[in-house]
Amino acid sequence: MTADAPGPSPAPEEQHDDLHSEHTIDWSGLKILDAHRIELSFISGTSECFGYRTVLRESAQTISIALIEGALPAAPEACTAEGAESTIIVTTERPVGKRSVEKLDDPELKP
């Protein structure tokens, strides 16, 4: 996957570790912010209902990232189907360098 052209991004989503009913979603773009930070772009649901987290696996050649959407603990019973352009920041352990960035297909999900 290649990096997006520079430009303003929405305020990044916070990473949540308290989600349930998780599933992976596609990210539509990425931007290398600095040696250890990658910004993913995606379409998010309503902030009252949904939260996001990432799972990262690194090797010498690749950085694999899964973007996970789940229900927030205090989400209402009924949520509307709205979408908004969003971003989330992923921090790598080692510098991004010339490694490729790809989607991770098999992260562990919470029911």
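Which residue is nearest to GLY51 (Cα to Cα), if the candidates are limited to region 88-103 and must be part of a loop (DSSP other than H, G, I, E, B) and open to solvent by 20 Å² or more (accessible area, probe 1.4 Å)? Before you say what the answer is, go through the steps one by one.
Step one: list which residues in region 88-103 are part of a loop (DSSP other than H, G, I, E, B), which gives 92-99.
So of that shortlist, the ones also open to solvent by 20 Å² or more (accessible area, probe 1.4 Å) come out as 93-95, 97-99.
Numbers: GLU93: 23, ARG94: 26, PRO95: 27, GLY97: 29, LYS98: 30, ARG99: 28 Å.
Filtering region 88-103 for residues that are part of a loop (DSSP other than H, G, I, E, B) and open to solvent by 20 Å² or more (accessible area, probe 1.4 Å), the one nearest to GLY51 (Cα to Cα) comes out as GLU93.
Go through (1) more than 16 Å from PRO111 (Cβ to Cβ); (2) open to solvent by less than 30 Å² (accessible area, probe 1.4 Å) and name the single condition GLY70 misses.
(1)
Which residues, taken from region 39-48, are buried (at least 18 other Cβ atoms within 10 Å of the Cβ) and either without any contact (Cβ under 8 Å) to a residue 24 or more places away in the chain or more than 21 Å from VAL101 (Cβ to Cβ) (or both)?
GLY45
Looking at region 1-38 only, could you name the residues that are among the acidic types (Asp, Glu), farther than 23 Å from LEU109 by Cβ and either surrounded by fewer than 13 Cβ atoms within 10 Å (Cβ to Cβ) or at pLDDT 95 or above (or both)?
The answer is ASP34, and nothing else.
Inspect region 55-64 for any residue being at pLDDT 95 or above, over 18 Å from ARG94 (Cα atoms), surrounded by fewer than 19 Cβ atoms within 10 Å (Cβ to Cβ) and acidic (Asp, Glu) and give the result as yes or no. Walk me through how you get there before you give the answer.
Restricting attention to region 55-64, the residues satisfying the condition of being at pLDDT 95 or above are 55-64.
Within this subset, residues satisfying the condition of being over 18 Å from ARG94 (Cα atoms) are none.
Looking for residues that are at pLDDT 95 or above, over 18 Å from ARG94 (Cα atoms), surrounded by fewer than 19 Cβ atoms within 10 Å (Cβ to Cβ) and acidic (Asp, Glu), one finds none in region 55-64, hence no.
Could you tell me which numbered condition GLU85 fails, if it satisfies all but one of (1) charged (D, E, K, R); (2) open to solvent by 80 Å² or more (accessible area, probe 1.4 Å); (3) in a loop (DSSP other than H, G, I, E, B)?
(3)
Would you confirm, using the coordinates I've provided, whether PRO73 is part of a loop (DSSP other than H, G, I, E, B) and in contact (Cβ under 8 Å) with a residue 60 or more places away in the chain? Let's see the steps before the verdict.
Values: part of a loop (DSSP other than H, G, I, E, B): yes; in contact (Cβ under 8 Å) with a residue 60 or more places away in the chain: no.
For PRO73, the condition - part of a loop (DSSP other than H, G, I, E, B) and in contact (Cβ under 8 Å) with a residue 60 or more places away in the chain - is not met.
What number of residues in region 53-107 are within 15 Å of the chain's Cα centre (by Cα) and of a type in the set (S, T, N, Q)?
6
The values are calculated or read from the model by the stated rules, or taken from the named source; none is laboratory data. What you are looking at is a predicted structure, and each value in this text was computed from that prediction instead of being measured. Neighbour counts are summed over all protein chains in view; Cβ atoms, including those assigned to glycine, are modelled from backbone coordinates with ideal geometry. Please note that ligands, DNA and RNA were not included when accessible areas were found on the heavy atoms of the full protein model with its side chains. Shrake-Rupley method; radii C 1.70, N 1.55, O 1.52, S 1.80 Å.
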